[in-house]
Amino acid sequence: MSLIDKTQSDITLGSLLDRIADAPNLPLVFTYDGHEVRPGYHVTEVKAGAFAALDCGANPEAWSEIFVQLWDIEEAGRSHMTAGKFSAIVRKVSEHVNLDGSVKLTFEVSDGVLPMQLYCATLPQEVGGMLRVELSPRPASCKPRDRWLAEQAPATTCCGPSTKTACCAA
């Protein structure tokens, strides 16, 4: 069995907002599938969900998640929204919806033609006068299998005696 690459860790809404608070006037640009969102993109929804489920191993699961929906469209005369505007949208939503900044953040992205896709995000990085957030597809996973694989992982530190760690390979 091989472990699915989970190096793209989930960020929280709080960590995203904390990072963009440092540069509210910079454009906030999301990238996905090898390209940037278009300058006219909209935040069409911010929603909080609480989920209860039974996984494929018959284990009960419960978690909360925040979804930010991006509509990737072009609008004449518009530029990428600023980090401050994005924060203002989230603040407005939080006046009406309980948003827990400590839960996992998922992005839903569509251009209005293709079906909506789910993405996880990196923390914004300042690049070329903008804050860039890299979105990567959120893969399906099997929670019992993921837990089992995590238990099998060696407990050695990076560059320790185990040959199974790859953290030092550059």
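No value in this document is a laboratory result; all are computed from the given coordinates. The structure presented is a predicted model; accordingly, all values stated were derived computationally and were not measured. Don't worry about glycine lacking a Cβ; one is built from the backbone with ideal geometry, like all the others, and counts go over all protein chains shown.
Starting from 0.36 nm per residue, how many nanometres of slack lie between Ala21 and Arg78 once their C-alpha separation is accounted for?
18.3 nm
What net charge is computed for the residues neighbouring Glu126, neighbours being all others with C-beta under 12 Å from the C-beta of Glu126, Lys and Arg scored +1, Asp and Glu -1?
+1
Quick one: length gained pulling Trp148 to Leu114 fully straight, 0.36 nm per residue minus the C-alpha distance?
8.7 nm
Does anyone have the angle between helix 83-94 and the longest principal axis of the chain? Alpha-carbon axes, 0 to 90°, nearest 10?
80
Loop-only GluC sites (Glu not before Pro) in segment 90-141, please: DSSP not H, G, I, E or B, and at most 16 other Cβ atoms within 10 Å.
Of the GluC sites (Glu not before Pro), the ones in loops of segment 90-141 whose Cβ has at most 16 other Cβ atoms within 10 Å are Glu95.
May I ask for the net charge around His35, where only other residues with Cβ less than 14 Å from the Cβ of His35 are counted and Lys, Arg are +1 while Asp, Glu are -1?
Net local charge, His35 excluded: -4.
Any chance you could run the full-extension gain for Asp33 through Asn59? It's 0.36 nm times the residue separation minus the Cα-Cα distance, nm to one decimal.
Full extension of this stretch gives 6.0 nm more.
Considering only the other residues whose Cβ falls under 11 Å of the Cβ of Thr12, what net charge follows from Lys and Arg at +1 and Asp and Glu at -1?
-2
Spelling out what I want: for every residue of segment 136-141, take phi, set θ = phi - 60°, compute 6.51 cos²θ - 1.76 cosθ + 1.60 (Karplus), and round to whole Hz; glycine and proline get x.
10, x, 8, x, 6, 8
For Rg/Rh (Cα atoms, Kirkwood Rh), the listed values are (1) 1.02; (2) 1.04; (3) 0.93; which was obtained by calculation from the structure presented?
It is the one labelled (1).
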